[in-house]
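All remarks here apply to the structure that follows.
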Amino acid sequence: MRDGLLDEWAAKWRELIVPLRLKFGFEIQGAWLDRERNRFIWVISYDGPEGFAERNRQYWSSPERESMNLDPDDYLVETEVREVETVI
């Protein structure tokens, strides 16, 4: 996260990103602020017929997402994506 923007990012994420992600059928299992490392961490899933990657592409290319005028690069220094699978 860029210095000093952790709380601002979390607020915009809650206000703008979460509602649209939910509208697109994603589930958000949780989100955390790691203040010591200046990181924002969240867990998201999608269990629809087109699969996560395709639905994620649809989300990013949607008019609603484009109209947000919210560029993650303004806040995030880097991103790390991990795909995991449920075991229980």
Asp3 passes all but one of (1) in a loop (DSSP other than H, G, I, E, B); (2) open to solvent by less than 90 Å² (accessible area, probe 1.4 Å); (3) acidic (Asp, Glu); which number fails? (2)
Scan the stretch 8-24 for residues that are in contact (Cβ under 8 Å) with a residue 24 or more places away in the chain and open to solvent by 40 Å² or more (accessible area, probe 1.4 Å) and jot them down. Glu8, Lys12, Leu16, Lys23
Among the residues of the stretch 38-56, which ones are on the phi > 0 side of the Ramachandran plot and assigned to a loop (DSSP other than H, G, I, E, B)? Asn38
In this structure, is Arg35 under 21 Å from Glu78 (Cβ atoms) and either out of contact with any helix residue (DSSP H, G or I) (no Cβ under 6 Å at 6 or more places or on another chain) or open to solvent by less than 40 Å² (accessible area, probe 1.4 Å) (or both)? yes
How many of the residues making up the stretch 57-79 are part of a helix (DSSP H, G or I) and without any contact (Cβ under 8 Å) to a residue 24 or more places away in the chain? 7
Residues of the stretch 54-65 being of a type outside the set (Phe, Trp, Tyr) and surrounded by 10 or more Cβ atoms within 10 Å (Cβ to Cβ), which ones? Glu54, Arg55, Asn56, Arg57, Gln58, Ser62, Glu64, Arg65
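The values are calculated or read from the model by the stated rules, or taken from the named source; none is laboratory data. In this text the structure is predicted, and so the values were computed from the model without any measurement. Note that each Cβ is placed from the backbone with ideal geometry, even for glycine, and that neighbours are counted across all protein chains shown. These area figures cover heavy atoms from the full protein model, side chains too; ligands, DNA and RNA do not enter into them. Shrake-Rupley method; radii C 1.70, N 1.55, O 1.52, S 1.80 Å.
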